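J.: Here it is: the structure, laid out below.
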Amino acid sequence: MASSSSSSYGIEQLQKECYYEWMSLQAKHIVDLKEALIRQRSNAYNHHKLEELVGKIVNDFQSYAKRRSELTDKSCSSYFAPSWNSSLENGLLWMGGCRPSSFVRVIYALCGSCAEAHLSRYLLQIDENIDDGHDGDSSMSDLTATQLEKINDLHVKVIREEDKLTKKYANFQEDVADMPIAVTAFWRDSVEADVAVEDALDKHEECMGVLMADADKVRVETLRRIVEVLTPVQAAEFLLSGKRLHMSLHEWGRAREERRYGCVHVGMQQQGEPEPESQRDRTLIDM
């Protein structure tokens with residue numbers, strides 16, 4: 001039993017390290033995307049290079065998903081309620097990550113926000129004859145009808161995929177209340193699980209790991225298909241917004257727990273993770 005606990009702890013440490021490596025890579029992606037967009041807008045960065053950067057970021061996400069899948073072979077429970085996350089983040093999790101449909105919601109939000117900003121600038125120019133020098137090329141507010149139709153079709157398809165996985169998830173959860181787990185728990189005073197229960201729990205965790213891997217595939221495929229619909233500039237803006245959202249939620253959740261409990265959740269105090277008040281964290285939030 002001690003050996004099993006030690007092994008599980010070792011796996012969880014590897015999963016934590018994998019997560020923080022990904023977060024560090026996302027921080028680098030944010031910087032790279034910002035610089036690329038600034039250069040592109042000043043005509044110092046061509047679309048081909050921007051497209052290469054977008055492709056690399058999508059591939060990095062696929063590599064991260066593959067690494068996660070490898071680490072779920074022996075233990076996947078940690079991914080469904082990670083100790084390295086805040087309660088806020090865990091409350092937003094779906095199958096160990098974000099909902100793929102949330103990618104599309106980010107596009108809708110950006111599209112609406114950019115449209116409002118363009119309208120304000122347009123009205124300002126009419127009232128005061130001001131030209132702010134913004135050409136608006138390839139911004140999210142310039143999505144064409146064809147692009148919106150493709151994104152909407154993708155949204156519908158992704159929601160169907162989510163529903164299928166959610167139903168499977170519900171079935172796996174209900175299995176815990178079936179034989180032999182529930183019956184053994186009723187008839188035995190001892191909390192120690194027998195071989196049959198351990199086998200059933202191992203099978204349950206294995207199924208959950210497969211389910212999470214399937215969810216990761218939907219996440220990766222959704223991201224890839226969205227990028228294919230968007231122009232390089234639009235894709236870069238979309239990826240930048242998504243990564244900022246992820247990083248911000250991580251920091252907001254940690255800050256809320258620090259205010260509520262007077263300290264950061266112990267599971268989030270990962271070696272190598274920057275302190276909340278460090279210059280690096282402030283830079284990430286400000287970007």
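J.: For residue 9, indicate whether it is assigned to a helix (DSSP H, G or I) and at pLDDT 95 or above.
T.: Criteria not met by residue 9.
J.: Residue by residue through region 61-91, note down the ones that are closer than 27 Å to residue 255 by Cβ and either in a helix (DSSP H, G or I) or without any contact (Cβ under 8 Å) to a residue 12 or more places away in the chain (or both).
T.: If the condition is that a residue be closer than 27 Å to residue 255 by Cβ and either in a helix (DSSP H, G or I) or without any contact (Cβ under 8 Å) to a residue 12 or more places away in the chain (or both), then 61, 64, 68, 77, 78, 79, 80, 87, 88, 89, 90, 91 are the ones that fit.
J.: Here are the criteria: (1) out of contact with any Leu (no Cβ under 7 Å at 6 or more places or on another chain); (2) at pLDDT 90 or above; (3) not acidic (Asp, Glu). Tell me which single one residue 46 does not satisfy.
T.: (2)
J.: I've got another one for you. Quick check: anything in region 178-196 farther than 18 Å from residue 163 by Cβ, surrounded by fewer than 13 Cβ atoms within 10 Å (Cβ to Cβ), within 33 Å of the chain's Cα centre (by Cα) and at pLDDT below 80?
T.: yes
Yes or no, residue by residue, for (1) modelled with pLDDT under 90; (2) over 30 Å from residue 10 (Cα atoms); (3) surrounded by fewer than 11 Cβ atoms within 10 Å (Cβ to Cβ); (4) in contact with a Lys or Arg (Cβ under 8 Å, 6 or more places away or on another chain):
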| position | (1), (2), (3), (4) |
| --- | --- |
| 86 | no, no, no, yes |
| 91 | no, no, yes, no |
| 98 | no, no, no, yes |
| 111 | yes, yes, no, no |
| 124 | yes, yes, no, no |
| 131 | yes, yes, yes, no |
| 150 | no, yes, no, no |
| 158 | no, yes, no, no |
| 173 | yes, no, no, no |
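J.: Scan region 30-45 residue by residue and report those that are surrounded by 12 or more Cβ atoms within 10 Å (Cβ to Cβ) and in a loop (DSSP other than H, G, I, E, B).
T.: Once the filter is applied, which keeps residues that are surrounded by 12 or more Cβ atoms within 10 Å (Cβ to Cβ) and in a loop (DSSP other than H, G, I, E, B), region 30-45 yields only 45.
J.: Now, a different point. Among the residues of region 139-161, which ones are acidic (Asp, Glu) and closer than 21 Å to residue 47 by Cα?
T.: 142
J.: I'm trying to understand the selection: among the residues of region 215-243, which are out of contact with any Cys (no Cβ under 9 Å at 6 or more places or on another chain), charged (D, E, K, R) and either modelled with pLDDT under 95 or surrounded by 20 or more Cβ atoms within 10 Å (Cβ to Cβ) (or both)?
T.: 216, 243
The values are calculated or read from the model by the stated rules, or taken from the named source; none is laboratory data. Quick caveat: nothing in here was measured; it's all calculated off a predicted structure. Cβ sites come from the backbone with ideal geometry, for glycine too, and all protein chains shown count toward neighbours.
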